[in-house]
Structure formats: C-alpha cells, structure tokens
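K.L.:
Dropping the structure in here first, questions after.
The values are calculated or read from the model by the stated rules, or taken from the named source; none is laboratory data. These figures come from a predicted structure and were not determined experimentally. All Cβ positions, even for glycine, are placed from backbone atoms using ideal geometry, and neighbour counts span all protein chains on display.
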Amino acid sequence: MRAFTLFLFCIFSFSLYAQVHIIPQPSNISIQDGYFIFNPKINIYYKEKNASEIAQYLSDQLKNLYGVQLNIKNAEPDPSEKIILISEDLSFPKEGYELTVTATTIQLKGTANGLFYAVQSLLQLFPAERITTTILIPTLQIVDNPRFQYRGLHLDVGRHFMPVSFIKKYIDYIAFHKMNYFHWHLTEDQGWRIEIKKYPNLTKIGSMRNGTIIGRYPGKGNDNIKYGGFYTQEQVKEIVKYASDRFITIIPEIELPGHSSAAIASYPSLSCFPDEPTKILENMISEESKKSKGKLVQETWGVFDDVFCAGKDATFDFLQNVIDELILLFPGKYFHVGGDECPKANWKRCPNCQQRMKENNLKDEHELQSYFIQRMEKYLNQKGKTLIGWDEILEGGLAPKAIVMSWRGEAGGIAAAKEKHEVIMTPGNPVYFDHTQTRTEDSVTIGGYNPLTKVYAYEPIPKELTEEEAKYVLGAQANVWTEYMKNEQKIEYMLFPRLSALSEVLWSPKEKRNWNDFENRLKTQYKRYPLLQTNYSKPYF
Ligand code: ACM
Ligand code: ZN
C-alpha cells in the first residue's frame, strides 16, 4: 500500500512539476530524467561576498513565495549533504550564468549579475503555486546569456503618481523577467514628482493639480479633486538601492523643453511668457483653477505650448541645478531629458528665443530645440553622464553623443543607428503598453491595439540596418504612460502578460523564439502572476 501511495505521489508530482516552463526561454537548456528532492533543511552554501548577497536574495524569495526558510552557510559542505551551492565565476559573460541541478546539488555559477538571473530561473523550477507537498526540482543544465544588453521598462508617474511600495513591486517585476533598466519618467505637465532641495516650489506647487478630466480625453468635465504626490530624495535613494540590489539601473527622466507645465507653474520665469496665464479649456478646467490668473499644473492630457524658454540663460541654470541634485541620487550612466512633443509656437514669438537663434545662426526653431538638447548634453557629459532623448532630438541635428529612444515607430532609431548613434527601440506599435491588448477592452485606454502576439513577434533590429549598424541597437523597452492608469491594479493589468512576451524578445536567442512553445509556458506563467501577487489581463486564455 505504501509503495502504491508513493507511486501515485510520484505520478502526481511528475505531472505537476516536471514541466520546465521558464520565461524568458534560456539560450541552452538540457533536461535530464530525475529530480532534486527539495526540503526546508537544505542549506545554501556560498563562497564569495557577491554570492552571499545572492544567497540571501534566494533565501528571501523562497521565504516570500513558499514560506520556507533555508539556512545560508559560508563553509565547506559535507560531501554527503544535499545543497544549493552559489559560486561567483568571473570567467562568465557579464550577465551569463550556468544552473545545474543533479539529484544531490543545485549549483549556480556566474558573475554577480548572472547569478541573480540564475536565481530567477531556479525560482521558475519551483511550483507555480504555493504548495505544501514535497517539491521536486527537475535535473537539468542551463547555460544562459541575454541577447540584448538593454532590456527596459518605463513608468510615467507624472500623470498618475505611484507610492514607493508599488515602485518596488514594479522593480521586482522587471527583475523577475531578467530585465535591467527602469526608465522613471519623473516630470510632466500634470505633476513634478521628485524633491529638488534648491527649488522647493517644484514639489510644493508643481506636484499638485487642482483636478483631472473625467474619462477619455476631452473628458466629461473635471473631477475637482486635488491630486498629487512626489518622492523625497531619501525615498529615491531607497528605491535606487532596491533596484541596484536587483541589478537594475534606474534612468531618471526630466522632461525638457516640452511637457514642462508643472515646472513652469512652480517657477513662471522658466516660461517665455511668465505673465500669460495657463489656458485650460472651459469644459476641462477645475473650479479652483477658474479663479487663477497665473500658471497652472495641467489637468488634462496632451501637448501644451507653454514650454521652457530656450532664450534665457536662467532656464539652463535652473536645469543644471536640478541635474546637479539628481546625479547625486542616480549613479547610472544614462540621463533622459525627454525632448519629445515640444511645440514651437511660443519660441516663434519670444524675443529671447529669437535673439538666441540670431546669435547662434539657428535657421529655425527645430535648430533651437537641437541647441537646447546639445547644451544639456554638454553639461551632462561634463558630469560623466550620457544623454538619452526621444526621437524628436534628431530634428535640427542630433547632439554628438546622444542615445535615441525611437518611439514614433522605428524610423528615428534607424536614422540614428545609420548616424552611428546608439539606439533604444520603443516603438508605439507594439511596445506601448498603454495601448489595449484586447479588442473588447472595457476600461479606457489610449488608441492602438498591441496584443500579446504582436509584442511576442516584435523584432528590435529593423531589416533596414546592416549588421554593422544593428550593433547600435542596444535593446528595447516597453513604455507605460498612465493617463488612463489611476491605480496599481490597472498598471499591472496593462503590463501582464505582455511584459513576459517582451522579456523573451529581449533575452532569448532570436532562433529560440517560438510562439507555440511560449504559449505553452505562458500557462504556467499565468499561475505565477498570482504567486507574485500581481493583477494581469486574463482574456488571452
Ligand atoms: C512619447 O510617447 N511622447 C515619448
Ligand atoms: Zn523664449
């Protein structure tokens, strides 16, 4: 009878846990017959300091996900003991790793980054549900390394602010998918979201709006609810550390010269016309704002004419002072300055802007925009930073070392790569995750249909590039603009399962991409979403 029960148990466990459903698909994986039988008395051994942090992370994750607490040891294991062994091996590629599971040992090898990704793969060998029965880890060997060096996800906290706790969760989603950049869009027309000590009005005034339009633009009036929020520098430091512990670099974005209404509401002299009140259409403005005769934080979506004045040196002094504070918070190499959607109407009628154009022989306002970006680039380069901008920074001439984020399709990215500039692909179609993923979506989204299949089929290297030019494409990124995402659940709903598809586009070898196989693994991924306590879009299955 006992043998029969054991037999049943094995069959049951086999069917539950034998599948190796890892997303993103590893470069090489060979599965053998057999199992490592996991139990909570197994110790995690490590040797090097970096490996100690990975061991702690693995232990924490097992505790969070499965409620098991493993001991961590820095010692020689007893040869007869069943163990998890983590060893740093600097001979591996920067993000590469090897994960070997035998009946007696789970061994993780790689650089610190690689070990972190080895842990992500190992966690996916555990059941996708929180279970209390014996856990069987299939014996196998994985040798893995990412296809692209830049694997990014963006979040707009300007339109809707998200608390520190959610930003950490978001970073965990990035880490879980073996992605490595978080592009944090921190300033917008509708809110300035980061404390700058030299300019307290940015958060005192710029982080609050008097109301928000109701429903899809142009909306059905204004909700008249004061809305705001910002991150203190202490909170930013905490988040940067949290990301760095997960091998994620945060790229801060300070939008310029456009999308600057919140900064201008805080310091009107940054505008070409400080005395001109902000215009918000009658059917969109809040009751509170109707009383104002000055500058306002925007309450509706879109693109606004009141932008940073390119003619006044004081504008550049302000932005440089902001950068000075930010570079103490964000140690990464990249700094995003926006550069998109900057109307030129005010510059055309501003005496200071026109004077600037004359003095610098700039033939039109596009060249003035280019002057603006190049001046920021020079400053950032002096501080050891590399400028990233949306593809509009191509207009009027690209700043010498700028990296282009191609969002209006791939044309900007193609042009930049041909000019030997590095490029990050983030075309609206298909990696804008504010677009709908189902034909029958009943919540409000921004136009465009980017279903899972389209995201999975996305190829970041455009056909138009030669092999040499293709090397300038660092990778790709999904963008999450939050006009119609007011809460965490909606953001998660828009993110999943598309983020899982994108992670495979960015990580797995091109020849390994296989929709049918992905679809099969996705069934398991759908069980992991609840395990991660995230919301997700369900219609796909
Ligand atoms: C953008 O979506 N305006 C970069
Ligand atoms: Zn001006």
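K.L.:
List the number of the failed condition for LYS523; all other conditions in (1) of a type in the set (D, E, K, R); (2) out of contact with any strand residue (DSSP E or B) (no Cβ under 8 Å at 6 or more places or on another chain); (3) within 18 Å of LYS178 (Cβ to Cβ) hold.
P.N.:
It fails just one condition, (3).
K.L.:
Where the second residue is in a loop (DSSP other than H, G, I, E, B) and at pLDDT 95 or above and the first is within 16 Å of PHE316 (Cα to Cα) and within 16 Å of ligand 1 (Cβ to nearest atom) and lies in segment 349-365, which pairs have Cβ atoms under 7 Å and are six or more apart or on separate chains?
P.N.:
none
K.L.:
Would you point out which residue out of LYS463, LYS454 is over 21 Å from the mean Cα position of the chain (by Cα), basic (Lys, Arg) and at pLDDT 95 or above? Break it down into steps so the answer makes sense when it comes.
P.N.:
Working: LYS454 fails: over 21 Å from the mean Cα position of the chain (by Cα).
None of the other options fit; the residue is LYS463.
K.L.:
Give the residue that is modelled with the lowest pLDDT, with candidates limited to residues of segment 53-66 that are crowded, with 16+ Cβ neighbours inside 10 Å and more than 24 Å from the chain's Cα centre (by Cα).
P.N.:
Out of the qualifying residues, it is TYR66.
K.L.:
Go through segment 308-327 and count every residue that is charged (D, E, K, R) and over 26 Å from the mean Cα position of the chain (by Cα).
P.N.:
Step one: of segment 308-327, the residues charged (D, E, K, R) are 312-313, 317, 324-325.
Still in the list and also over 26 Å from the mean Cα position of the chain (by Cα): 312-313, 317.
Number of matching residues: 3.
K.L.:
Tell me whether segment 282-296 contains one or more residues that are within 30 Å of GLY152 (Cβ to Cβ), more than 16 Å from ligand 2 (Cβ to nearest atom) and part of a loop (DSSP other than H, G, I, E, B). Spell out the reasoning first.
P.N.:
Pass one, segment 282-296, residues within 30 Å of GLY152 (Cβ to Cβ): none.
Within segment 282-296 (the criterion being within 30 Å of GLY152 (Cβ to Cβ), more than 16 Å from ligand 2 (Cβ to nearest atom) and part of a loop (DSSP other than H, G, I, E, B)), the answer is no, since none of the residues qualifies.
K.L.:
OK, next. For segment 410-462, how many residues meet the condition of being in a helix (DSSP H, G or I), touching a residue at least 40 places away in the same chain (Cβ under 8 Å), farther than 21 Å from LEU495 by Cβ and in contact with a strand residue (DSSP E or B) (Cβ under 9 Å, 6 or more places away or on another chain)?
P.N.:
4
K.L.:
Moving to a separate point now. Would you confirm, using the coordinates I've provided, whether GLY258 is part of a loop (DSSP other than H, G, I, E, B), more than 16 Å from ligand 2 (Cβ to nearest atom) and among the small types (Gly, Ala, Ser)?
P.N.:
Numbers: part of a loop (DSSP other than H, G, I, E, B): yes; more than 16 Å from ligand 2 (Cβ to nearest atom): no; among the small types (Gly, Ala, Ser): yes.
Against the criterion (part of a loop (DSSP other than H, G, I, E, B), more than 16 Å from ligand 2 (Cβ to nearest atom) and among the small types (Gly, Ala, Ser)), GLY258 does not qualify.
K.L.:
Which one is nearest to LYS49 (Cα to Cα) among residues in segment 215-254 that are assigned to a strand (DSSP E or B) and more than 18 Å from the chain's Cα centre (by Cα)?
P.N.:
Filtering segment 215-254 for residues assigned to a strand (DSSP E or B) gives 222, 227-228, 231, 249-254.
Filter once more, keeping what is more than 18 Å from the chain's Cα centre (by Cα): 222, 227-228.
Values: ASN222: 55, TYR227: 45, GLY228: 42 Å.
Among those that are assigned to a strand (DSSP E or B) and more than 18 Å from the chain's Cα centre (by Cα), it is GLY228.
K.L.:
If the requirement is being among the polar types (S, T, N, Q) and either buried (at least 16 other Cβ atoms within 10 Å of the Cβ) or touching a helix residue (DSSP H, G or I) at 6+ places or on another chain (Cβ under 8 Å) (or both), which of these qualifies: GLN369, GLN382, GLN355?
P.N.:
Sole residue among the options that is among the polar types (S, T, N, Q) and either buried (at least 16 other Cβ atoms within 10 Å of the Cβ) or touching a helix residue (DSSP H, G or I) at 6+ places or on another chain (Cβ under 8 Å) (or both): GLN369.
K.L.:
Here's another thing I want to ask about it. For residues that are β-branched (Val, Ile, Thr) and in contact with a Ser or Thr (Cβ under 7 Å, 6 or more places away or on another chain), tally how many sit in segment 71-86.
P.N.:
Initially, segment 71-86 is screened for residues β-branched (Val, Ile, Thr), giving 72, 83-84, 86.
Within this subset, residues satisfying the condition of being in contact with a Ser or Thr (Cβ under 7 Å, 6 or more places away or on another chain) are 72, 83.
Residues that pass the stated criteria total 2.
Matching residues to (1) within 16 Å of ligand 2 (Cβ to nearest atom); (2) farther than 15 Å from LYS454 by Cα; (3) β-branched (Val, Ile, Thr); (4) at pLDDT below 95:
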{"site": "GLY389", "(1), (2), (3), (4)": "no, yes, no, no"}
{"site": "ILE393", "(1), (2), (3), (4)": "no, yes, yes, no"}
{"site": "PRO400", "(1), (2), (3), (4)": "no, yes, no, no"}
{"site": "MET405", "(1), (2), (3), (4)": "no, yes, no, no"}
{"site": "ARG408", "(1), (2), (3), (4)": "no, yes, no, no"}
{"site": "ALA411", "(1), (2), (3), (4)": "no, yes, no, no"}
{"site": "GLU419", "(1), (2), (3), (4)": "no, yes, no, no"}
{"site": "GLY428", "(1), (2), (3), (4)": "no, no, no, no"}
{"site": "THR436", "(1), (2), (3), (4)": "no, no, yes, no"}
